[in-house]
Each structure stands twice: as C-alpha cells, then as structure tokens.
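The values are calculated or read from the model by the stated rules, or taken from the named source; none is laboratory data. Everything numeric here is computed off the predicted structure, so don't read it as measured data. Here the Cβ positions follow ideal geometry from the backbone for every residue, glycine too, while neighbour counts run over all protein chains shown.
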Amino acid sequence: MADTLQQLLRTRADLDTVAVKHGDASWTWRQHIAEASEHASAVIAAADPSRPLHVGVLMGNTPGMLTALAAAGLGGYVLCGVNTTRRGEAIARDVARVDCQLLLTDPEHRHLLDGLDLPGITVVDTGAEEWAERLHAAPPLVPHREVGADDTFMMIFTSGTSGEPKAVEVPHAMVLFAGSALVQRYGLDESDVCYLAMPLFHSNAVYAGWSVALGAGAAMVPAAFSASRFLPDVRRHGATYMNYVGKPLAYILATAEQPDDHDNTLRIAFGNEAADRDIEEFGRRFGCEVWDGFGSTETAVIITRPDGCPPGSIGQGFPGVAVYDPDTLTECAVARFDETGALANADEATGELVNTSGSGLFRGYYNDPGATDQRLRHGMYWSGDLAYRDADGWIYLAGRTGDWMRVDGENLTTAPIERILLRLNAISRVAVYPVPDEYVGDQVMAALVLRDDADLTPAEFTEFLGAQRDMSPKAWPRYVWIADDLPTTATNKILKRELVALGVDPTDRVLWRRDRTRFDQVVPADR
C-alpha cells in the first residue's frame, strides 16, 4: 500500500484506463502520468536548487491543473495553490507568503499578474512556446526528493471567510487518508468518473475530488462550476461521483426542476456545508446519494455523519473532538431542547469546537506562527467554529466565533436561525448576521436569495416565522434583505463580513419588522 502520493501516482503509470476527460478529448492514466513526469522534470530543471522548491500554480480547473498536481506528487516538490479570484497585491502577498520561486499560470489567468511586483519569482506561462520547449527538452524525471508520508505535498490557503487566507501545510498522508477513506466508503474503482467542479487550488477539491479519483484509478472531469451546465456535464461524461463545498447544491436546486432530472449517471455526491433540505432534495431530484460532513483545510477536527444522524446535526466527532468554553477552558454543558425542539440552554451549551488531543493532522500555517499559535492553545486545537453537542454526542454547528449576537440581553448564534429560515421553500440561500442596535447590542439581519421565479411577500414571511415554534422571538430578523446574490469566496462560502459592512441599507429591497406581527418594505427615512 502506498504511503505517499508519489508512490501511488507511480502505480498508475501503466494503466490504460481513462484518467482525464475534457471536452471531446481524453487521456489514459499512462498518458497523464507521462505528461506529469515531463512537467515535473521541466519544473525541477528551471528551479534554483539553493532555494526551497515551492511552486505556485494560478490555473483554473483544466487538464493542465491536474497535470500540475500529479507533477508535484511525482516530483517531490511543494505545490502552492493560488486562489484565482484574488486580485492585485493580494496575489503577490499570497505567493510571497509561501516562498514560491516559480509561479505557473495559463493564458486565461496570466493577465492577473500584470503590473505586480513579484521579486524572486519566475512566472511561467504554460501556454507559451517557451514552456513547450522546456517540456520537449526535459530529461527523464529524477525527483527533487523521495518524500515521506509527513512531508508537505501542498500549501492550501484557507477560504478567508473570517480574515486573510492562511496557508496550511498539507502532508502527503492527509491527502491519501482523505481519498482512500472515501474510495472505500463508496466502493469507487476505475469504472467511475469523478466530476471535479470545485476549485482545484482548495482543500475540498484536493481531499474529496482529486485524491478520490487517484485512489480509485477513476476518470477525472475538470470543470468550472455552473448550475446550468451541471446536469449536461454529468450526462455527457457519465459522471458517477462529485464533490462540493458551500452552496453548489442550493445553486443547482434553484434552477427549474425537469421531469427527467433523475435520468443521469450520478451515484454519489459528497461534500460539506449543504443544508439538510438541500441534501434531501438533491438526492431525490437527481436519484443519487448525498453525504455531507464537516471539513476544513486544517483537518484537525474530524466529524463524520453516520446513518441515523438527526436533522441539523453535522455528525459525531472522532476521539478528542469536544465543545469547549474558551474562557473557562472546560467542556460546555450538554445541549438540552425544549418541547418545540429549540435549544433551551444556548449560553452554557454553545462553545468552540476543539480537538482536545492536539493538532491532529494539522501541521500549522506556513510562515505564520501567530496564526498557528492562535489555533493551538492550551494543548488543544481551537477551530473557530461554534457548536453544541447533545446527550448522544451529535454535534450541531452554531456559526463562527464571530457570529455571536447579543439581542435584547440574550446571546444568539446565526447557524440555528439559518437552518430554520431554509425551511421556507421559496428561499434558496440565506445568511444571518448581526447589525448594531440603535441603543445597545445587536439586531438580527438576514439576507435571502430566492429560488428562480419565487416570490416572498412581507405577509408570507411573517406567517412563516410565526409557525416556527422552535424559533425564539428574539431570533426573528429585524431586517431582511431580498438579494439577487450574496458575496462568496471561490469555494462558495458566504462572506458575512461584507454583508455586515453594507449595514441595514444595502438596497431598497429591505424589509423592516416594526412589531411582532408585521414586516414592511420601507425606505431608510422611515427607520
């Protein structure tokens, strides 16, 4: 059994089954590994041997990006994924932070580097004739090093939803562990086709997409995510497995349902952060199994969702996973629920998800000891995620640590409110966040994106809220924005800090709750 990606990739070198499908073209594993070996050899030849061989990659989901991933594994150097939605100096800071000496890009993204000061970094356009000549001249691959399981395969930046992205050092063992677990769980093999539409510079695509295909010897279909192209792509390429992160299921489900949607090859969808409603509806509509779990780039807190997981829960944690009060450094009380199903002891039950055993597979943030120390405190890993846990060990997310709100003297978190609002079928996506109260504390604001062709009147929304017996009156949104879309990261996670910055007047499509029974659409002067 392979201990490193380097070893596993070598076992694929003699396979003549399909490795990559893109448009009308396809490559066998034999061809793919040969191209990756040539690529790795050219990279090593162009590198300065006196410097760490960190290679940045600024590419979309293309066969070239798959080649770059395999090349790094085979070549024994560190690949640094650069977020293609970053702009200007943010890109320069990222590649400098991870000490890249080479930066690979493609014609589609080369313009993002125009005018940037990138000292000590050689930019390589993989679509240019110069790179083709380097590939042609590359000698047989001699790896930069023979790697061990704990050696870094990739630097992957966090999503940046709660601050500047940080570079996580991802070891070979982590990627192998994630991929092999999913291959075994879903019985995947070389007959499967993996649809890779999440950004390949991010952990979800690497852990739950690329590594799965590599471990199974399955075919890979790199694609840019599109709700409208999703089903045609699945049918065209015969995709049987897909990974997702954030809100892709909601985007797809917002499109009009067709009577033949279930007529497709998809068997498994695996990912993170989908709403219970979307999980159930996606499986029904497209005739597949959807498995959603908790995940982060750091992989220090591991939670799985076994059969029997109750609605709203993300599952049960591996040994060491607990919910702690960061002030008392003690485990929070077990969650209790009242007769309506509402959390009855939020103040004492809600805390931060931790790994009491230490850092797990987390090796730290590269070149950022302050951020690493913030995560690793008192001998534990602190995730930054709020949660509570019931008497049977089921864990429920409550938001990020910045999602606490103080409303009329009561502490609230955002995730439970979002789960309730998503019961309303007209709503496709929702974000709940605090806005300042005019006197003291916070008020609750919700930004809603409706499904295609759906409508929502103030009266309908008020009636819906009144029917939710497990929703505290203080959790009712004071302000509601009916938005066309929400700001998101490249990994489909909603950027609440941008919503908070907009305040209560982002557009004229804001509803204001004047009292317990009425929402009105008003202009700012009315407030």
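Here are a few things to note about the model shown:
- Total residues in region 227-271 satisfying the condition of being under 21 Å from the mean Cα position of the chain (by Cα) and without any contact (Cβ under 8 Å) to a residue 12 or more places away in the chain: the figure is 1.
- Going through (1) over 16 Å from residue 326 (Cβ atoms); (2) within 21 Å of the chain's Cα centre (by Cα) one by one, residue 385 falls short only on (1).
- Residues of region 237-248 classified as more than 23 Å from residue 21 (Cβ to Cβ) and not basic (Lys, Arg), total: 1
- Residues in region 479-497 that are surrounded by 13 or more Cβ atoms within 10 Å (Cβ to Cβ) and free of Cβ contacts under 8 Å to residues at least 40 places away in the same chain were compared, and the one that is nearest to residue 83 (Cα to Cα) is 487.
- Within region 325-363, the residues that satisfy the criterion of being touching an Asp or Glu at 6+ places or on another chain (Cβ under 6 Å) and of a type outside the set (A, V, I, L, M, F, W, C) are 326, 340, 341, 351, 363.
- Check on residue 388, buried (at least 21 other Cβ atoms within 10 Å of the Cβ), closer than 20 Å to residue 273 by Cβ, in contact with a strand residue (DSSP E or B) (Cβ under 7 Å, 6 or more places away or on another chain) and of a type in the set (Ser, Thr, Tyr): yes
- Residue match in region 347-362 (condition: within 30 Å of residue 98 (Cα to Cα), buried (at least 18 other Cβ atoms within 10 Å of the Cβ), aliphatic (A, V, I, L, M) and modelled with pLDDT of 90 or more): yes
- Among the residues of region 318-337, those identified as in contact with a Lys or Arg (Cβ under 8 Å, 6 or more places away or on another chain) and buried (at least 19 other Cβ atoms within 10 Å of the Cβ) are 322, 323, 332, 335.
- Only one of the listed residues (403, 392, 373, 347) is farther than 22 Å from residue 420 by Cβ and among the acidic types (Asp, Glu). That residue is 373.
- Test: residue 274 is within 28 Å of residue 191 (Cα to Cα), modelled with pLDDT of 95 or more and under 20 Å from the mean Cα position of the chain (by Cα): no
- For beta carbons closer than 8 Å, sequence separation of 6+ or different chains, a first residue in region 367-395 that is within 30 Å of residue 311 (Cα to Cα) and a second that is among the basic types (Lys, Arg) and in a strand (DSSP E or B), the qualifying pairs are 384/400; 385/400; 386/400; 395/389.
- Residue 147 satisfies every condition listed in (1) surrounded by fewer than 20 Cβ atoms within 10 Å (Cβ to Cβ); (2) closer than 20 Å to residue 49 by Cβ except (1).
- Checked against (1) buried (at least 16 other Cβ atoms within 10 Å of the Cβ); (2) under 30 Å from residue 424 (Cα atoms); (3) in the same structural domain as residue 387 (by TED's automatic domain parsing); (4) of a type in the set (A, V, I, L, M, F, W, C), residue 344 passes all but a single condition, namely (1).
- Among the residues making up region 327-348, those that are in contact with a Pro (Cβ under 9 Å, 6 or more places away or on another chain) and within 19 Å of residue 401 (Cβ to Cβ) are 343, 346.
- Per-region count, region 321-348, residues at negative phi, part of a loop (DSSP other than H, G, I, E, B) and not aliphatic (A, V, I, L, M): 9
- Meets criteria (part of a loop (DSSP other than H, G, I, E, B), within 16 Å of residue 269 (Cβ to Cβ) and more than 14 Å from the chain's Cα centre (by Cα)) for residue 188: yes
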